[in-house]
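One structure is given below, encoded as structure tokens.
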Amino acid sequence: MSKLVLRCLASSPKPGLICSYRAARRIPAAAVPRSPFSTVAARAMAASYTPSPVLQVPRVTIACVQLASGADKAANLAHAASQVAHAAASTGAKIVVLPECFNSPYGTGFFPTYAEVLQPSPPAPDRAPSFHALAAMARDSAVFLVGGSIPELDPATGRHYNTSLVFGPDGALLAAHRKVHLFDIDIPGKITFKESEVLTAGDALTLVALPGYGTVAVAICYDVRFPELATIAARRGAFALIYPGAFNLTTGALHWELLARGRAVDNQIYVAMCSPARDMSAGYHAWGHSMVVSPMAKVLAEAQEHEAVISAELVSDEIEEARRNIPLRTQRRFDVYPDVAQGKQ
């Protein structure tokens with residue numbers, strides 16, 4: 001029988017919560033004989049569904065800040081701070097998102113150089129300037145800030161991670177997500193990239209409680225290709241899936257919008273994807289096109305390739321209407337296929 005394990009790690013001085021989902025392998029019971037034409041339709045619903053509404057206010061605005069980052073970390077942090085302040089002031093956003101690797105160039109050769117030590121939390125300012133800059137950005141603009149991602153070093157193991165930090169309006173750390181699926185691809189004649197040459201994969205789904213609003217799920221870039229993370233997050237009550245990401249010019253044109261809309265319509269919640277701006281003089285060419293997608297897979301806002309701030313309203317009634325009109329939650333057939341939210345293998 002599947003066992004669910006929830007690990008909750010408190011950070012100080014103002015405890016934030018990092019919750020991760022794990023499931024043990026399910027050992028099936030003895031097979032029960034059934035007719036090849038069985039009409040049994042148990043249609044057992046996932047016990048983990050969170051009651052509606054999942055977005056606890058009528059509406060909230062989210063903004064994605066599409067940035068170009070260079071080699072100067074201090075300059076990158078200062079630029080991010082000014083753009084977060086601008087996004088909050090100009091759009092009224094209560095949730096602001098930065099891109100993947102916003103504090104450094106993106107590339108395996110850069111991760112160790114720009115990595116910061118994040119634990120124990122809060123870390124020393126000289127070891128984690130990005131941590132403290134993000135906390136200040138959130139506090140100064142009174143927003144929930146999904147701080148893109150930064151390279152992280154665990155000095156105890158020597159391992160590096162691609163880590164997203166989420167802060168509350170008071171500047172307290174709420175959660176940290178280590179990228180679960182590493183970007184290892186080889187498309188002949190197009191692009192070869194292997195994050196696993198330097199990075200270690202995280203081992204947890206990250207659900208973040210935003211007090212007064214509800215729960216969001218945070219994942220990073222390549223994580224979006226794996227629908228299981230999104231499915232579990234949605235069934236755990238997330239009202240939005242938020243992905244800082246840096247797709248490239250090969251996969252971006254083909255899959256960026258497709259995956260954002262797919263995760264949204266599959267789970268009937270909002271999806272936000274925040275990319276770096278495209279810099280053709282850099283070693284890695286990001287696709288750009290940060291976007292916010294509705295529960296019915298409509299693109300509500302989209303940037304082009306340059307620096308930009310985009311925003312969209314997330315509306316509670318739109319989530320509920322999508323689920324009422326196309327009632328996937330009551331139509332799933334867990335007598336035919338497993339419920340991944342229950343950890344069934």
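Scanning region 244-266 for residues that are open to solvent by 10 Å² or more (accessible area, probe 1.4 Å) and within 26 Å of Ala341 (Cα to Cα) gives His255, Glu257, Leu258, Leu259, Arg261, Gly262, Arg263, Val265, Asp266.
Can you confirm whether region 153-169 contains a residue that is touching a His at 6+ places or on another chain (Cβ under 9 Å) and over 22 Å from Ala233 (Cβ atoms)? Within region 153-169 (the criterion being touching a His at 6+ places or on another chain (Cβ under 9 Å) and over 22 Å from Ala233 (Cβ atoms)), the answer is yes, since at least one residue qualifies. The residue list Val60, Val84 contains one member that is in contact (Cβ under 8 Å) with a residue 24 or more places away in the chain, on the phi < 0 side of the Ramachandran plot and either in contact with a Cys (Cβ under 8 Å, 6 or more places away or on another chain) or in a helix (DSSP H, G or I) (or both), which is Val84. If the condition is being on the phi < 0 side of the Ramachandran plot and either crowded, with 24+ Cβ neighbours inside 10 Å or in contact with a His (Cβ under 8 Å, 6 or more places away or on another chain) (or both), then region 209-223 contributes Val216, Ala217, Val218, Ala219, Ile220, Tyr222, Asp223.
So that you can scan it fast, the table gives a plain yes or no per residue for (1) on the phi < 0 side of the Ramachandran plot; (2) outside any loop (DSSP other than H, G, I, E, B):
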site: Phe239; (1), (2): yes, yes
site: Thr250; (1), (2): yes, yes
site: Glu257; (1), (2): yes, yes
site: Arg261; (1), (2): yes, yes
site: Tyr284; (1), (2): yes, no
site: Gly288; (1), (2): no, no
site: Glu305; (1), (2): yes, no
site: Glu318; (1), (2): yes, yes
site: Ala341; (1), (2): yes, yes
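Residue check: is Thr215 assigned to a helix (DSSP H, G or I), among the β-branched types (Val, Ile, Thr) and either under 15 Å from Leu55 (Cα atoms) or out of contact with any strand residue (DSSP E or B) (no Cβ under 8 Å at 6 or more places or on another chain) (or both)? For Thr215, the condition - assigned to a helix (DSSP H, G or I), among the β-branched types (Val, Ile, Thr) and either under 15 Å from Leu55 (Cα atoms) or out of contact with any strand residue (DSSP E or B) (no Cβ under 8 Å at 6 or more places or on another chain) (or both) - is not met. Scanning region 200-243 for residues that are in contact with a helix residue (DSSP H, G or I) (Cβ under 7 Å, 6 or more places away or on another chain) and within 15 Å of Leu145 (Cα to Cα) turns up Leu207, Ala217, Ala219, Leu241, Tyr243. Summed over region 192-207, the residues that are free of Cβ contacts under 8 Å to residues at least 60 places away in the same chain and either over 30 Å from Leu249 (Cα atoms) or part of a strand (DSSP E or B) (or both) give a count of 1. Met280 meets the stated requirement of being farther than 16 Å from Val224 by Cα, at pLDDT below 95 and in a loop (DSSP other than H, G, I, E, B). Of all residues in region 260-299, those satisfying the criterion of being among the small types (Gly, Ala, Ser), under 26 Å from Lys190 (Cβ atoms) and out of contact with any Lys or Arg (no Cβ under 8 Å at 6 or more places or on another chain) are Ala260, Gly262, Ser275, Ala277, Ser281, Ala282, Gly283, Ser290.
The values are calculated or read from the model by the stated rules, or taken from the named source; none is laboratory data. Note that this is a predicted model, so its numbers are computed, not measured. Ideal geometry is used to build each Cβ from the backbone, glycine not excepted, and the neighbour counts take in all protein chains shown. Heavy atoms of the whole protein, side chains included, go into the accessibility calculation; ligands, DNA and RNA do not. Shrake-Rupley method; radii C 1.70, N 1.55, O 1.52, S 1.80 Å.
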